[in-house]
1. Amide H neighbours of L352 under 5 Å, counting only residues 5+ apart in sequence or on other chains, H built in-plane at 1.01 Å?
2. Which value, in Å³ per residue, describes the convex hull spanned by the Cα atoms of region 316-467?
3. Probe 1.4 Å, all protein chains in place: accessible area of T300 in Å², nearest 10?
4. Using the alpha carbon gyration tensor of region 176-217, what are the three equivalent-ellipsoid semi-axes (square root of 5 times each eigenvalue), largest first, in whole Å?
5. Compute the relative contact order of the chain as a whole-number percentage, counting only Cα pairs closer than 8 Å that sit 6 or more residues apart in sequence.
6. As a test question: what accessible area, to the nearest 10 Å², does M421 have when a 1.4 Å probe is rolled over all protein chains in place?
7. Restricting attention to the alpha-carbon atoms of region 391-536, what are Rg (one decimal) and Dmax (integer), both in Å?
8. Name the aspartates and glutamates eligible as straight-distance cross-link partners of K62: C-alpha to C-alpha under 14 Å, and not fewer than 8 places from it in the same chain.
Amino acid sequence: MSARAATAPPASPRLTAWRLLANNRLAAAGLCLILLIALLALLVPLLPLPDPDATAPAERLKPVLTEGHLLGTDQLGRDILSRLLWGARISLAVGLTATLIAAVLGSAVGIVAGYAGGRADNLMMRGIDMLMAFPYILLALAIVAALGPGLMNALYAIAVVNIPFFARNVRGVTLGYAHREFVDAARLSGKRPLSIVVTEVLPNVLPVIVITMSTTAGWMILETAGLSFLGLGAQPPQADLGSMLGEGRAQLFTAPHVSIVPGIMIFLIVISLNLLGDGIRDVLDPRLRSGALARPGPVTHVAPGRAAPRNTAKDAALSIEGLETGFRRGRDVLPAVRGVSLNVRPGECLGLIGESGSGKSVTALSVMGLVASPPGLIRNGAIYLKDEDVLTMPETRLIASRGSRVAYVFQDPLTTLHPMMPVGQQVEEAIAAHQLLGAAERREKAVTLLDKVGIPDARERARHYPHQLSGGQRQRVGIAMALANDPEVIVADEPTTALDVTVQARILELLRDLQRERGMALLFITHDFGVVSEICDRVAVMKDGEIVETGETRQVLADPQHAYTKRLIACVPELGTGDRFLERVAGLFRREAQVS
Ligand code: ADP
Ligand code: MG
């Protein structure tokens, strides 16, 4: 425990969010640039700049770097630098205010519609649809035309046309939360709808609102500039970036700097806001953290200089030697599996037992390179399938071995089965992945497999969808898929944890019979010694990423050596022992606490 505590830096989430943003170089550059522009725009009244509206016909169209006019002058002799900074101030203020208005109104509509549902939702969303049905810029033009040109009216127009974006996004997310258990619980506790929306729903949809804001702010500044460019926004002599661009258009060939300078400024503002927006989105979305911006690769990364120990169990179907798998976090690699060695012979069942988080699943997934990378990394060790090192296999061969040489059965069959596909077809898919068979033959084989794993009336059942089957039947389908290509090794990762005790017993019996009959090696992962004693010939006990004890199941049960093993064994309840059972377990935990 102490080792793990030392490797995981206890950083506050706030700090990590900042660090993540800083780590994303593009986003950090965007942040710096927009801060710089915003600072200049804020300080512009204090800077020693000429009056942006003071005309000087004698100084017309001076080029860039003229004495007294760093960025030259425009067609009326006004200082472009001064106009640029004042203009950026206006553009930023209008764009950001419009974003804020659209975000508040749009999100309010979205949350209320999503939470209320039914007729209110229908009414509001059809209104939003009507807004969306108009071409975007045309609607803004129409609004400005109706209200009259001017900066404030342009602001309203931009805000209104952007309301649907927020409303649609936020409604979608709210719908997902409106009937979640914690919201129902709040309802049952007698909270009023408004208070539920504010305290339960809003905090959950807030990240989406912030993300939508950060990704649309740049776009809104561009639209404001567009309206001003058309002469519908800022009115002379006041200038924003769009109207400067519009005025410079006439001199595009004689004095290009008059329009290029504001053009570059718009570009810089929009690109820095967009980069920053992307960065904020990545920080707020936990799935995109830990550098996993790229999709995980097809196989787990293996460290180039890994130590590959020799195979010590030549006759084993699967032999793992000194496996070390970790997860990258920034520059560090947090170890999850530290030097695990184990082997399973054909026709044998090895139980891998340990409490939750001890590294059992990571060990199992490492076998076929299924640990997601990034962040997963196999640092050391070798994995032998009949004396062939999996970690040196070409990628194509490794992928082809999945399901044909090593097959997996996972814990929760409801999440591993495709919800929209009949189960028979899913078994057929597993067959088709590795065998060239005709459609009829494949269907026959799938039905035989389903029958084999004890699904009654298999031909009829093959047409059913996963949700129409019971938990035990779904797991039987999972086992049928694993058996589809007669693998040498089956890795079963807590296959019965989600099932009730009687169904669990029958699934275990099925697995044991099939494994004996077909002479497969079975690596059976569990946290329950009761299950191990049912089906495993040997057992390996895992704690904090290491194997602390291995041996024949009977022997380990009769005479456990490690204190942790004793504790796991004590945790198997016996009928009729009642309170004495709890005392025994609590006593073992106390003793352990005193020792460590
Ligand atoms: P279990 O023994 O319950 O199957 P696992 O093998 O799933 O445990 O996990 C072992 C350790 O690896 C845990 O501490 C877990 O936090 C860590 N871990 C698992 N998957 C990831 C991941 N994708 N990123 C970071 N750490 C992970
Ligand atoms: Mg697990």
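The values are calculated or read from the model by the stated rules, or taken from the named source; none is laboratory data. Please read these numbers as outputs of a predicted model, since none were measured by experiment. Glycine also receives a Cβ, built like all others from the backbone with ideal geometry; neighbour counts cover every protein chain displayed. Just the protein is used for accessible areas: all its heavy atoms, side chains included, with ligands, DNA and RNA removed. Shrake-Rupley method; radii C 1.70, N 1.55, O 1.52, S 1.80 Å.
1. For L352, whose amide H was placed from the backbone, the distant partners under 5 Å are F524, I525, T526, A540.
2. Numbers: hull volume 23.2 nm³, N = 152.
Per-residue hull volume (Cα only) is 153 Å³.
3. 10 Å²
4. With the √(5λ) rule applied to region 176-217, the semi-axes are 25, 10, 6 Å.
5. Numbers: 1004 pairs, mean separation 71.4, N = 596.
This gives 12 percent for the chain.
6. 30 Å²
7. Cα-based Rg and Dmax for region 391-536 come out at 14.8, 44 Å.
8. Within the straight-line limit of under 14 Å, K62 reaches these aspartates and glutamates: D74, D79.
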